[in-house]
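Student: Pasting in a structure now, in C-alpha cells, and then I'll have a few things to ask.
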Amino acid sequence: MLSLALTGLELKNPLMLAAGIMGTTGGSLKRIADNGAGAVITKSLGIEPASGHNNPTMVEVDCGYLNAMGLPNPSYKNFQQEIDIAAGAGTPVIASIFGGCALDFSEIAGVLDADAFELNVSCPHAWGYGAQIGTDPDLVEDITKAVKAATDAPVWVKLTPNVTDIISIGLAAQRGGADAVVAINTVRAMAIDINSGYPILGNRFGGLSGRAIKPVAIKCVYDLYDALKIPVIGVGGISDWKDAIEFIMAGARAVEVGSAVGNNISIFKDISSGMEAFLMEKEWTLDEIYGMAHKI
Amino acid sequence: MLSLALTGLELKNPLMLAAGIMGTTGGSLKRIADNGAGAVITKSLGIEPASGHNNPTMVEVDCGYLNAMGLPNPSYKNFQQEIDIAAGAGTPVIASIFGGCALDFSEIAGVLDADAFELNVSCPHAWGYGAQIGTDPDLVEDITKAVKAATDAPVWVKLTPNVTDIISIGLAAQRGGADAVVAINTVRAMAIDINSGYPILGNRFGGLSGRAIKPVAIKCVYDLYDALKIPVIGVGGISDWKDAIEFIMAGARAVEVGSAVGNNISIFKDISSGMEAFLMEKEWTLDEIYGMAHKI
Amino acid sequence: MKPVDAVITKVVEETPTIRTFFFDTSFESEPGQFVMVWIRGVDEIPMALSYDNAVTVQKVGTATSALFEFGEDDSIGIRGPFGNGFRIKGDNILLIAGGVGAAPLSPLAEKAGLQGFEVTTLLGAKTKEELVFRERFESAGKVMVATDDGTAGKHGYVTQLIDGKDYDQIYCCGPEIMMKKVLDKVQPEKSQFSLHRYIKCGLGICGACCVDGLRVCKDGPVFTGEVLNRSEFGLYMRNECGEKVKV
Amino acid sequence: MKPVDAVITKVVEETPTIRTFFFDTSFESEPGQFVMVWIRGVDEIPMALSYDNAVTVQKVGTATSALFEFGEDDSIGIRGPFGNGFRIKGDNILLIAGGVGAAPLSPLAEKAGLQGFEVTTLLGAKTKEELVFRERFESAGKVMVATDDGTAGKHGYVTQLIDGKDYDQIYCCGPEIMMKKVLDKVQPEKSQFSLHRYIKCGLGICGACCVDGLRVCKDGPVFTGEVLNRSEFGLYMRNECGEKVKV
Ligand SMILES: Cc1cc2nc3c(=O)[nH]c(=O)nc-3n(C[C@H](O)[C@H](O)[C@H](O)COP(=O)(O)OP(=O)(O)OC[C@H]3O[C@@H](n4cnc5c(N)ncnc54)[C@H](O)[C@@H]3O)c2cc1C
Ligand SMILES: Cc1cc2nc3c(=O)[nH]c(=O)nc-3n(C[C@H](O)[C@H](O)[C@H](O)COP(=O)(O)OP(=O)(O)OC[C@H]3O[C@@H](n4cnc5c(N)ncnc54)[C@H](O)[C@@H]3O)c2cc1C
Ligand SMILES: Cc1cc2nc3c(=O)[nH]c(=O)nc-3n(C[C@H](O)[C@H](O)[C@H](O)COP(=O)(O)O)c2cc1C
Ligand SMILES: Cc1cc2nc3c(=O)[nH]c(=O)nc-3n(C[C@H](O)[C@H](O)[C@H](O)COP(=O)(O)O)c2cc1C
Ligand code: FES
Ligand code: FES
C-alpha cells in the first residue's frame, strides 16, 4: 500500500535514510534497510578521504540539532564494497556524492555502482563544496548535466534552503536533466556557549536539522512541486508518520529521514505502519494524498 | 548595569519589544514598556489601513509559531496618538514602517514623530512589500536613503534571513545610511493540516518565529557583526536571559523579543534580572560580552 | 498547538439563527474560555465552549454562514481552549445573558448549580424564539426573561430586569452596549464580563484583540468590571485593521 | 543537550600519564557510560565517567595534552552521559582492565562491591607506576596485577592472568587487541566489553562510530562478547574519515 516507483526505482515505501546519517559503513546502511527503510542513501562521498571538521561536530539545540561534520568520508574509491554490503538488504542504495566542480562529480558517478546518485550541492558548512555551489543555478545545471552524461542511473539533486529563491535552483537542476530534486539540506545556523563565549561547533557555524526546520522544508517542497515537472523528495525534521504525511501532501513523492534516526533506529517501521493505519482510516491512497495541499 | 546608548537613544536595557507583537495600540505598547522593556517597537505601519490576511493568521508549531498576519495596520495616519500614549511610559518608542516603494517609506517617516524608525523590508508573506523588497540590495539602499532624508531620527533596517547572502543586504542598508540593522524577521515556512490536506494558514504559507529560529538568527547576527560597521540588533527565538546573552555574544548590541511575550508578559523584567545576575556572577560587563564569540 | 480535527456528531437548532455544533472531541475548560474554530478554506473564528464538546453559533457573516452548511460527519479544526474564564465566587450569583452571550454563561450556570450556588439568570433576546438555553438556566435556578418585542417575559432590554438585590457576583455576556449598561448599574468589583474583540492569533502575541493594554484572548476574555471601568470598554474597539471604531 | 559548564575542582595525578579531573557537576550514570568532554577551542573527546563527577584521562594527543594544562577553576563543557554501560549480573564477577581501561571499570567495581558481589580484578599496565585505581579495585575485592615490564605482579600481559575459573560475568576494557584476546579466552555470552571508536556526534546520528551496523556511542560503548564475535571487532576499525584501518 506504500510502494511506489521513484525515478525508475521500485521502493517498498517512500521512506529513505537521509545522507550523512549512519551512512559511512555498509553495515550501518544495511541495518537501516533491514529495519524498514524503502531505500538508503550513503554519506556524501568525495574524491579523497577527508576527516571533516574538528569536534564538536554536532550538538543538540532546543528543537533539533546543529552539525558541521565537514563532509568526512572515506572517498568513493573505498566505498563500492560498502554499497555492496548495503545492497545485500535488497533495498535500493543511493550514493550521495559531492565535489568541487562538475569533473569531480562525474568522476565519482562514472565509477561507483549505485541505484541512483544524489548530488550534494547543498552542505552549508564545507567551504568550496556544497552550498557554495548549490546557490548558483548555472553551476547546478552544469554539474547535473555532467553527472547525467557519466551515468545511466537516476540522478537526484539535493538543494539548500539557504537561498533567496529555491525554485530557480530547482529549475536549474531540471534543465540539467535531474530525475528528481531533494529538499532540503540543513539550514545555516549557529550556537554559542554563553559560559565561555565560544561558538559551540568546531567549525563555529553549521546546519540546523530536526524538528525546528520542518516548516521551512515543507514550504520548499510546496514551492518546488508547483514549479517543477520532476518529482520532489522531501527531507527536514521528519520524526513521525504525521510529518511524513505532511510532506507528501505538500508535494513530496517520497521523503528522507535524518536526525530522528538517532533516538529511534526502528523509525522507518514505525512511520510506515503509522502511515498505513492513517491511509486505511481515511480511505485514502498514497497517490491521493500526494500534493493534496495544492489541490484544495 | 544594562543601560546603553543605541544609535543615539538611551535605553535602560538592551531588550526591546519586536515589531508586530502587541504593537497595534498605545495601551499595549505602554503596558510592555511599563513591564520592563528598554524600548518598544510598533506594529509595522503602512500608508493605508489594512486588515491583513484571513484567519488562521497564526498557529503554534512544534518549536515555535507560524504566522501570516499580512501586515494588518490602522495606517500611520491614525497612529501618532498611539505612539504618544506609548511614550507616556518614558521609554523610547520606535515606529516600524513598511511600503511598496521608497516614496511610501519617506512619506511615513516624514510625518510620524517617533524616537527611531525600523524599516520592515523583510516580511516574508506580504506580496509586494516586505521581503519582496528586502531581497534586493539596490532597493534597500534607496529606501534607506529616502528615509534618512525624510527624518532626523535614527533609522534601523530590519532584514530577512530568506536570502542567499544577508551580508550584501546589510551592506546595502549601511550604504544607504542606516544607523543599525535588525536581524531577523521570520523564516519562510508552512504547515499543512494532515486531516484535510489544507495549508493551515489563511495565506497558505507564512513566517516561522520562536525557538526554532534562534540558531538561524544567531548565525545572521554573527555574520553581520563581522561585515558591518553599524550596530546589529538581534531578534529571533529569544525566550529567556540565556538567549539574550547568546545574541549579544554573537554580536548584537541589543535584542528584540517577539513570540515569547505571549506566554510571559513580564519577560523583559525576567530577562533583565537574569542577565544582571549572570553578569554579576561572571564579573563581566555588557560591553565585555558584546561580540565575545568573535574575539575568541 | 496545531488545530485538532473535530468531527461534528450532532447539530442542534437552538433558534432560527443559532445552532449548537457538537463534536467528537471534548476540551477540558473553565466556563467562559473559548476555542478558535477553523472552517477550512474560509476563516477561523473565536467561539466560547457552550459544552465540553460543543460551540453555539449565531449566524452573522461569512464564516458562521459557512459553518451553518456543516452537518454530521463534517469536520472542523479546533485550537484551544484559550484565555481565562469566569471565576466562580460567592453563593448567590446573577447571570445576565444577551442573545448568543448565553453560550459561555450556560456551562457556568450548570457548574454553579451543581455546586449548590443560588443561581439567578436574566435572559434577554430580540424575540421569544431567539432565547437560548432557557432550560439549562432554569435547571440551575431562577430565570427571568426579557425580549425586545415583548413576545416573552418583560418587554424591553434584559438590563431592565436588574433589581436592587445584592448578589455575591454578577456574570455577564452579550453585546458590548448592553454589557456597558450592566456595568453602570452594578458594583464593578463584584462583576465579570466576557468581552468580544477581533481575535487573530488567540495566543496573546499579535495584539489584535487589545482593550487598551489588555489582551482579550489571553488576559480575558473575562474581565472584572473594575478593570473595565478604567478602560476603553463601552467606548470604542478596534476593527481588523486596528483602527478605533465606536462601540 | 548543549554542553554543561563544568568547573574543575581538583586534579589528581594517578600515574605519570594519567590524571583524574574532578568537576563541580555530578552526572547520574551507569558504570561504563561516557561523556563528551569539550576542551574549548581545541576538541571534544569521549571519556568514561570514572566517578559521578570525574573523568580519568590518559595523555595521548592534542586534546588530552591540552586538558593536562587545566587545573582548578578552569572549566570544560560536558555533554552526556551517553550510551549503554555495563549491565551488572550474577554474583561472582571478573573485571579485566588494561591501562586507562580501568576508568570505566572502577565505578563498576565499587558498585558491585557495595552490592555484595564477589569481585575479582585483573589489572594490567606497561609498568608499575602506570597501574590505575589499584586501591579502588582492592576495596571491592581481590586484585591480580600484571605489568609488561614485570615491575609489579606478573611479568607479561594481563590476559595471561585469566584462569580457568568460572565467573558469572566478565567485564573488560582496554586496548582492542587485548580485548580481542580476552574474548578468545572467555565465554562470549558471559562477557561484556567497552569499545573504543571514533566518536563525533555521540548522539547515534552521524554513524562515525559504527562497528559494522552498531553504534558505539548509542548501542554501546558496552557490548556482549556474543555480539562482538559476529562483528569486525578485533579486525579493523574506522578512522576519522571512515576508512577501514587494521586494529
Ligand atoms: C472570545 C469570543 C467568544 C465568542 N463566542 C461566541 C459564541 O459562543 N457564539 C457566537 O455565535 N459568537 C461568538 N463570538 C463572536 C464570533 O466570533 C463572531 O460572531 C464570528 O467571528 C463572526 O464570523 P463571520 O465570519 O460569520 O462574520 P464576519 O462576516 O467576518 O463579520 C461579522 C462580525 O463578526 C466579528 N468577527 C469576525 N471575525 C472575527 C474574529 N476573528 N474575531 C472576533 N470577531 C470576529 C466581527 O465583529 C465582524 O464585524 C465570540 C467572540 C469572541 C471574541
Ligand atoms: C567511549 C569511550 C570512552 C573513553 N574513555 C576514556 C577514558 O576514560 N580515559 C581516557 O584516557 N581515554 C578514553 N577514551 C579514549 C579518548 O577518547 C582518546 O584517548 C582521546 O580522544 C584522545 O584525544 P587526543 O586529542 O588527545 O588524541 P589525538 O591526538 O586526537 O589522537 C590520538 C588518538 O585518540 C583517539 N581519538 C581522538 N579523537 C577521538 C574521538 N573523538 N573519539 C574517539 N577517539 C578519539 C584516536 O584513536 C586517535 O588516533 C575513550 C574513548 C571512547 C570511545
Ligand atoms: C550529522 C549529519 C550529517 C549530514 N551529512 C550530510 C551529507 O553528508 N550529505 C548531505 O547531502 N546531507 C547531509 N546531512 C543533511 C541531511 O541529509 C538532511 O538533509 C538534514 O539533516 C535534514 O533532515 P533531518 O531534519 O531529518 O535531519 C547531514 C545531516 C546531519 C544531521
Ligand atoms: C504575530 C507576529 C507579527 C509580526 N509582525 C511584524 C511586523 O509587523 N513587522 C516586522 O518587522 N516584523 C513582524 N514580526 C516579526 C517579529 O518582529 C520578529 O522579527 C520575529 O517574530 C522573530 O522574533 P521572535 O522569534 O522573538 O518572535 C511579526 C512576528 C509575529 C510572530
Ligand atoms: S488575538 Fe493576538 S493577542 Fe489576542
Ligand atoms: S558518533 Fe555519531 S553515531 Fe556515534
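Computed from the coordinates by the stated procedures, all read-outs in this text should not be read as laboratory data. Predicted, not measured: the structure shown is a model, and the values here were computed from it. We place every Cβ from the backbone using ideal geometry, glycine too, and count neighbours over all the protein chains shown.
Student: Find the centroid of the Cα atoms in region D:107-139 and in region C:15-38, then give the distance between the two in whole Å.
Tutor: So the separation of the two Cα centres works out to 67 Å.
Student: No other cysteine beta carbon under 4.7 Å away is the test; run it over chain A and list who passes.
Tutor: A:Cys101, A:Cys123, A:Cys220
Student: Quick check on region C:4-82: take the gyration tensor over C-alpha atoms, sort the square-rooted eigenvalues as a ≥ b ≥ c, and tell me if it's rounded (a/c under 1.5), prolate or oblate.
Tutor: rounded
Student: Counting only the backbone N, which residues of region D:226-244 are under 19 Å from the spot 7 Å out from the Cα of A:Ser75 toward its beta-carbon?
Tutor: D:237-244
Student: Using a Gaussian network for chain B with springs between C-alpha atoms less than 10 Å apart, which of these wobbles most: B:Met16, B:Met190, B:Met69?
Tutor: In the Gaussian network model the winner is B:Met190.
Student: May I ask which of B:Lys77/C:Lys244; B:Lys214/C:Lys200; A:Lys242/C:Lys10 have a Cα-Cα span longer than 19 Å here?
Tutor: Cα-Cα > 19 Å for B:Lys214/C:Lys200; A:Lys242/C:Lys10; rest within.
Student: Once the Cβ-Cβ distance between C:Met1 and D:Ile177 is put in as r, and R0 is 51 Å, what FRET efficiency do you end up with, to the nearest 0.05?
Tutor: According to the calculation, E is roughly 0.40.
Student: List the trypsin sites (Lys or Arg not before Pro) within region B:264-296 that fall in a DSSP loop (any state other than H, G, I, E or B) and whose Cβ has at most 13 other Cβ atoms within 10 Å.
Tutor: The qualifying sites are B:Lys295.
Student: Oh, and also: If the chain between D:Val245 and D:Thr151 were fully stretched, how many nm would it gain, using 0.36 nm times the residue separation less the Cα-Cα distance?
Tutor: This chain segment gains 30.6 nm when fully extended.
Student: Below 19 Å, Cα to Cα, which aspartates and glutamates can D:Lys89 reach? Residues fewer than 8 away in the same chain don't count.
Tutor: The qualifying aspartates and glutamates are D:Glu30, D:Glu110, D:Glu118, D:Asp166, D:Asp168, D:Glu189, D:Asp219, D:Glu226.
Student: So, counting K/R as plus one and D/E as minus one, what does the shell of residues with Cβ under 9 Å around B:Ile94 add up to? Walk me through the numbers on the way to the answer.
Tutor: Values: positive: none; negative: B:Asp115, B:Glu118.
Within the 9 Å Cβ shell, the charges total -2.
Student: 7 Å along Cα→Cβ for the label point: how many nanometres lie between D:Asp166 and each equivalent label in the other copies, listed shortest first?
Tutor: List, nearest first: 8.9 nm.
Student: On a straight-distance basis, which aspartates and glutamates could pair with C:Lys246 in a cross-link, Cα separation under 13 angstrom, same-chain partners fewer than 8 positions away excluded?
Tutor: Here the aspartates and glutamates satisfying the reach criterion relative to C:Lys246 are C:Glu176, C:Glu232.
Student: Considering only C-alpha atoms, what is the centroid distance from region B:21-95 to region A:32-49, in Å?
Tutor: 49
Student: So for the pair A:Asp165, C:Asn229, with labels modelled 7 Å out along Cα→Cβ, what separation do we get in nm?
Tutor: It is 6.2 nm.
Student: While we're here: Which chain C residue puts its Cβ closest to the axis that rotates C onto D, and at what distance in whole Å?
Tutor: C:Met1, 12
Student: Could you work out the local net charge near D:Ala208, counting Lys and Arg as +1, Asp and Glu as -1, over the other residues with Cβ closer than 12 Å to its Cβ?
Tutor: Here the charged neighbours net out to +4.
Student: Right, another one. What helices does chain A hold that run 18 Å or longer along their axis, going by alpha-carbon atoms, with a Kyte-Doolittle average of 0.0 or more, using DSSP H for the helix calls? It would help to have the intermediate numbers written out before the result.
Tutor: On the way: long enough: A:137-150 (20 Å, 0.11); A:214-227 (20 Å, 0.27); A:267-282 (22 Å, 0.23).
For chain A, where a helix must reach 18 Å along its axis and average at least 0.0, the hits are A:137-150, A:214-227, A:267-282.
Student: Got a sec? Which residues in region D:1-26 would a label at D:Lys128 touch, if it sits 7 Å along Cα→Cβ and we count backbone N under 16 Å?
Tutor: Under 16 Å, as judged by backbone N against the label point of D:Lys128, lie D:15-16 of region D:1-26.
Student: In peptide B:17-30, what is the residue-averaged number of other protein chain Cβ atoms found within 10 Å of each Cβ?
Tutor: Other-chain Cβ atoms within 10 Å of each residue's Cβ, averaged: 5.
Student: Also: Just to be sure I understand: with springs between alpha-carbon atoms less than 10 Å apart, which residue in A:Asp152, A:Asp62, A:Asp136 has the highest mean-square fluctuation in the Gaussian network model of chain A?
Tutor: Per the Cα network of chain A with a 10 Å cutoff, A:Asp62 tops the list.
Student: Same structure, new question: Just tell me how shielded A:198-206 is by partners: mean number of partner chain Cβ atoms within 10 Å of each residue's Cβ, no decimals.
Tutor: The per-residue average across the peptide is 5.
Student: Find every distance from the label point of A:Lys242 to the corresponding label point in the other copies (7 Å from Cα along Cα→Cβ) and write them in nm, one decimal, shortest first.
Tutor: Relative to the other copies, A:Lys242 has label-point distances of 2.6 nm.
Student: Quick one: net charge of A:Gly274's neighbours, Cβ under 13 Å, K/R +1, D/E -1?
Tutor: That works out to -3.
Student: Another question about this same structure. I need the inter-copy label distances for D:Lys89: point set 7 Å along Cα to C-beta, values in nm with one decimal, smallest first.
Tutor: D:Lys89 label point versus its equivalents elsewhere: 6.5 nm.
Student: Is region A:4-294 rounded, prolate or oblate when judged by the Cα gyration tensor, a ≥ b ≥ c being the square roots of its eigenvalues, rounded requiring a/c under 1.5 and prolate requiring a/b larger than b/c?
Tutor: Because its axes are fairly even, with a/c under 1.5, region A:4-294 counts as rounded.
Student: Mind jotting down the distance between the C-alpha centroids of region A:142-200 and region B:218-273, whole Å?
Tutor: 29
Student: Still on this structure, I have one more. How shielded is A:219-227 by partner chains, expressed as the average number of their Cβ atoms within 10 Å of its Cβ atoms? Please list the in-between numbers first.
Tutor: On the way: counts 14, 3, 2, 5, 3, 0, 0, 0, 0.
Shielding by partners across A:219-227 averages 3.
Student: For A:Asp138 paired with C:Lys185, estimate the spin-label separation in nm (one decimal), with each label point 7 Å from Cα along the Cα-to-Cβ line.
Tutor: 7.9
Student: Right, next: Treating cross-link reach as a plain straight distance, find the aspartates and glutamates whose alpha-carbon is under 20 Å from the alpha-carbon of A:Lys295, omitting any fewer than eight places away in the same chain.
Tutor: A:Asp223, A:Asp226, A:Asp243, A:Glu246, A:Glu283, A:Asp287, B:Asp193, C:Asp5, C:Asp43, C:Asp74
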